[in-house]
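The values are calculated or read from the model by the stated rules, or taken from the named source; none is laboratory data. Predicted model only: the values in this text are computed from it and were never measured. No Cβ is skipped: glycine too gets one built from the backbone with ideal geometry, and neighbour counts run over all protein chains shown.
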Amino acid sequence: MSDTSSAIADSVCFPATRILSRAGCVATASWNSRRLNPPGPQPTWLVEPPQPLRCDAQEQPLYAGPLTRISGPHRIEAGWWQGERGLQTRDYFVYRSAARGLLWVYHERLSAAASATASGWYLHGVFA
């Protein structure tokens, strides 16, 4: 018997596939079971929906004051098979805020996707 894959709810940051055998057994694929690493650090808490951020004169994101970049960019591209409706092209960064700690911030890479805000920068998660 061979396994077939079926799509489940898509997520930008996590695999969204489950393996179904003909016998009906379900095994969920994960980063650990496939021995893959996630695309960059993953936050403890997600901000849903992502919060738009303002920028300074140098086009760097601000959140409760200036931010210091710790790592990134970690590029994530998903949903291309759904056309422009589902396309997500983001560069994720870890920033340090003096007032709020470590933050997971992304920048929309395509101008059409960034049109919701003037900056295209969003807060998407917080590290413990």
Hits in region 47-102 (condition: basic (K, R) and modelled with pLDDT under 95):
R54, R75, R85, R90, R100
Restricting attention to region 95-109, does a residue exist that is in the same structural domain as P61 (by TED's automatic domain parsing), assigned to a strand (DSSP E or B), among the hydroxyl-bearing types (S, T, Y) and farther than 14 Å from P43 by Cβ?
no
For region 72-89, indicate whether the set of residues that are assigned to a loop (DSSP other than H, G, I, E, B), without any contact (Cβ under 8 Å) to a residue 60 or more places away in the chain and of a type outside the set (A, V, I, L, M, F, W, C) is non-empty.
no
